[in-house]
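For reference, the structure discussed in these notes is given below.
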Amino acid sequence: MAEAVELTAADGLDNWTLRQLAGRIEASPAVVYHHVGDREAVVWLVLDHVVRQLAIPPETLPWREWFGLLLEDHRDVLRRYPGVARRLAMHGPPASCGGPIIDLGVRLLQEAGFGEDSVLAYNVIMTTACQYIALEDDQRGIAAMRTAHAREYQAFCDRADLPGLAAVGTFVAGMVGRPERVADFFTDLFQYAVHRCLDGLEQRLGRLREWETKS
């Protein structure tokens with residue numbers, strides 16, 4: 001498992017083979033298969049290891065503050081293991097390691113008044129966060145394509161007839177050749193997505209409370 005975790009950190013969850021892993025431990029793939037299982041079984045061990053690193057904020061916090069802290073830590077941890085965020089967005093964590101987070105997260109939403117919406121609300125929050133972390137993972141491997149796209153959008157900087165594209169071009173021009181600005185962009189994008197998601201749920205909670213009062 002330790003070697004699989006290192007391969008994931010170096011190459012991404014989907015970019016190593018069982019044969020490569022076996023080579024790292026000086027064994028044959030058949031030995032790994034016999035003692036652990038197929039590649040998917042090893043992946044579940046990696047997911048378990050990564051998810052257990054996630055910090056769970058105190059349950060005394062209000063639901064929105066709790067999720068804000070939880071997701072900041074998610075990004076810090078999951079960025080160290082490319083590909084894990086995408087897997088979590090698609091399937092969620094194994095219950096063996098993700099159960100405590102899920103239980104407390106859904107319970108805080110229930111206590112806040114989301115009622116039957118609680119499970120869906122939890123999934124929307126977590127999937128949104130993991131998808132934006134996965135987007136950042138994907139960007140690491142396509143630097144050349146990103147540069148080509150940047151040049152294309154910069155060409156619109158002075159197009160007064162296309163003010164929306166001009167704004168995008170100007171924004172992109174401010175990041176070209178400045179890796180720190182690109183990093184800041186993904187941080188800002190993640191935070192914007194998460195907090196606008198929480199804004200929407202807060203509005204939904206207000207509606208649910210209104211309906212409960214009327215009933």
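The values are calculated or read from the model by the stated rules, or taken from the named source; none is laboratory data. Computed from a prediction, not measured in an experiment: that's the story for all the values here. Cβ: placed from backbone, ideal geometry, glycine included. Neighbour counts: every protein chain shown. The protein model used for the area step is the full one, side chains on, heavy atoms only, and it has no ligands, DNA or RNA in it. Shrake-Rupley method; radii C 1.70, N 1.55, O 1.52, S 1.80 Å.
What to note about this one:
- Residue under evaluation Arg19, criteria (1) crowded, with 18+ Cβ neighbours inside 10 Å; (2) over 30 Å from Leu201 (Cβ atoms); (3) not hydrophobic (A, V, I, L, M, F, W, C), criterion not met: (1)
- Any chance Leu78 is open to solvent by less than 80 Å² (accessible area, probe 1.4 Å), hydrophobic (A, V, I, L, M, F, W, C), over 21 Å from Asp188 (Cα atoms) and in contact (Cβ under 8 Å) with a residue 40 or more places away in the chain: no
- Sole exception among (1) open to solvent by 80 Å² or more (accessible area, probe 1.4 Å); (2) within 24 Å of His49 (Cβ to Cβ); (3) not charged (D, E, K, R) for Ala134, by number: (1)
- Sole residue being at pLDDT 90 or above and either out of contact with any Gly (no Cβ under 6 Å at 6 or more places or on another chain) or more than 17 Å from Ala89 (Cα to Cα) (or both), chosen from Val194, Val182: Val194
- Test set (1) closer than 27 Å to Asp199 by Cβ; (2) surrounded by fewer than 20 Cβ atoms within 10 Å (Cβ to Cβ) - Arg86 fails condition number: (2)
- Going through (1) open to solvent by 60 Å² or more (accessible area, probe 1.4 Å); (2) in contact with a helix residue (DSSP H, G or I) (Cβ under 9 Å, 6 or more places away or on another chain) one by one, Glu3 falls short only on (1).
- Qualifying residue in the stretch 97-110 (condition: under 27 Å from Ala183 (Cβ atoms) and open to solvent by 20 Å² or more (accessible area, probe 1.4 Å)): no
- Residue check, Glu59 in a helix (DSSP H, G or I), of a type outside the set (Gly, Ala, Ser) and surrounded by fewer than 17 Cβ atoms within 10 Å (Cβ to Cβ): no
- Selection of first residues in the stretch 23-40 that are over 12 Å from Glu3 (Cα atoms) and part of a loop (DSSP other than H, G, I, E, B) and of second residues that are among the charged types (D, E, K, R) and open to solvent by 70 Å² or more (accessible area, probe 1.4 Å), restricted to Cβ pairs under 9 Å at least 6 apart or on distinct chains, gives the following pairs, ordered by first then second residue: Ser28/Arg19.
- Residue within the stretch 29-37 that is open to solvent by less than 70 Å² (accessible area, probe 1.4 Å), more than 24 Å from Asn123 (Cα to Cα), of a type outside the set (A, V, I, L, M) and touching a Phe, Trp or Tyr at 6+ places or on another chain (Cβ under 9 Å) present: yes
- Residue selected from the stretch 62-109 under the condition in a helix (DSSP H, G or I) and small (Gly, Ala, Ser), by the criterion nearest to the chain's Cα centre (by Cα): Ala85
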